[in-house]
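The values are calculated or read from the model by the stated rules, or taken from the named source; none is laboratory data. None of these values were measured; they are calculated from a predicted model. Here the Cβ is made from the backbone with ideal geometry for all residues, glycine too, and neighbour counts use every protein chain on show.
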C-alpha cells in the first residue's frame, strides 16, 4: 500500500430517508470507494484502525447509522429496512457509483439487502463476522441484551455482550481498554440502544432472510470471520457462500466477533487482496 494523502472530510448529511447522518470520508478522493457499515453498537471511530490501513489506496466512507454515534436518533425501533433505506439514500447523495460494500455483524443485513435491491451499485460485497438471518440463537442473544438493558442499563448491556463480541486473546491483552469502553457505553442514552436491539430482533421474529439477496446479487463475494467468533461463527458465512454458489471464506486467527477492531491490519490486508482480485477480474458480466 502507498502513503495516504491528507484528505479527511466529515459531514452531517440530511438524507431523503429522513435522518441526519454523520459521514466521514478519508483516503484518496479519486480512489475506489469502500463503504463500511457499522455493527449494531458501533460508530465511525470504531473503524479507525481498519480505515488507516485502507486509506492509502481507497476512498474510505464511514457513517453512523440511525441511532448510532452522531447521527439522528428518532423514535425506534430501527429496522433493517430503515438501515437499508438510509444506506441507499447515502450512496445516492454521495454519487459514488459502484462501491466495495463492507458490512460488519448486524451491518451485514443492510449490505445484503442493498445487494438484492441494487446489485449494480456494488463493485464487490464483503461480509465481516456477519450473518444473513437472525436465527433462534441470535434472537436469544438479542433478548438477553434487551433484558440486560432493562435491568442494568447500557453498562449492563455491555457486560452481557462482552464475551460474545471479543476474542479471548483480545480480552486478555486489552482488559483495561475494554473497561474504558464500558464506561463510554454506560454513559449512552438507553433509548436508541433499545431501538437498535429491537430492530434487529424484529427482523428475526419476522423470519426475514437477507441471505436470499445472494440469489439476485451475482457479483464478487468474500466472507471473513474471526476464528474465536462466538456470536456469528463460520457456519453463518458458509450458509451465505452456499446460497451464492461462489465466493471465499477467510478465517482470522486470534480474533473474535470484532475482527476488524481486534486485528485491523490483517483484515485490511485481506480486503485489499480481495479488491485487487476484483479489479483484475473486471466487472461481473
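Quick notes
- Qualifying position, being within 20 Å of residue 161 (Cβ to Cβ) and either without any contact (Cβ under 8 Å) to a residue 24 or more places away in the chain or in contact with a strand residue (DSSP E or B) (Cβ under 6 Å, 6 or more places away or on another chain) (or both), among 65, 107: 107
- Filtered residue count, the range 235-268, keeping only those that are part of a helix (DSSP H, G or I) and exposed (fewer than 15 other Cβ atoms within 10 Å of the Cβ): 4
- Filter pass, residue 239 being closer than 17 Å to residue 105 by Cβ, in contact (Cβ under 8 Å) with a residue 40 or more places away in the chain and more than 16 Å from the chain's Cα centre (by Cα): yes
- Helices (runs of 4 or more DSSP H) wholly inside the range 139-224 that include at least 2 residues being in contact with a helix residue (DSSP H, G or I) (Cβ under 7 Å, 6 or more places away or on another chain), free of Cβ contacts under 8 Å to residues at least 40 places away in the same chain and within 19 Å of residue 40 (Cα to Cα): 175-186
- Residue match in the range 46-62 (condition: at pLDDT 95 or above and under 15 Å from residue 189 (Cβ atoms)): no
- Complete set of residues in the range 129-155 that are in contact with a strand residue (DSSP E or B) (Cβ under 8 Å, 6 or more places away or on another chain) and closer than 21 Å to residue 216 by Cβ: 130, 132, 133
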